[in-house]
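We did not get these values from a lab; they are worked out from the coordinates using the rules stated. Since the structure is predicted, the reported quantities are computational estimates derived from the model, not experimental observations.
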Amino acid sequence: MAQKFEEAEERVFGNVYVCRRCNARNRTTNPENTVCRKCGYKHLRKKNQEFAG
Ligand SMILES: [Zn+2]
């Protein structure tokens, strides 16, 4: 069960970007044309890049 959850998480986070201003998570497959749903900031970073620094 845990393994299935991890797979699902990976799939979800693949489309998750974090706002550089307010850290809100935004799901999108097209971050370049997406603004933060909370503050409207244009610069989002990929969620997974947290681990890479
Ligand atoms: Zn934001």
Subject >> Difference of contour (0.36 nm per residue) and Cα-Cα distance, Lys46 to Glu32 >> reply: 3.9 nm
Subject >> Built amide H within the under 5 Å cut-off of Lys46, gap 5+ >> reply: Val18
**OP:** Subtract the Cα-Cα distance of Lys4 and Arg25 from 0.36 nm times their separation in residues, and report this length gain in nm to one decimal.
**Re:** 5.3 nm
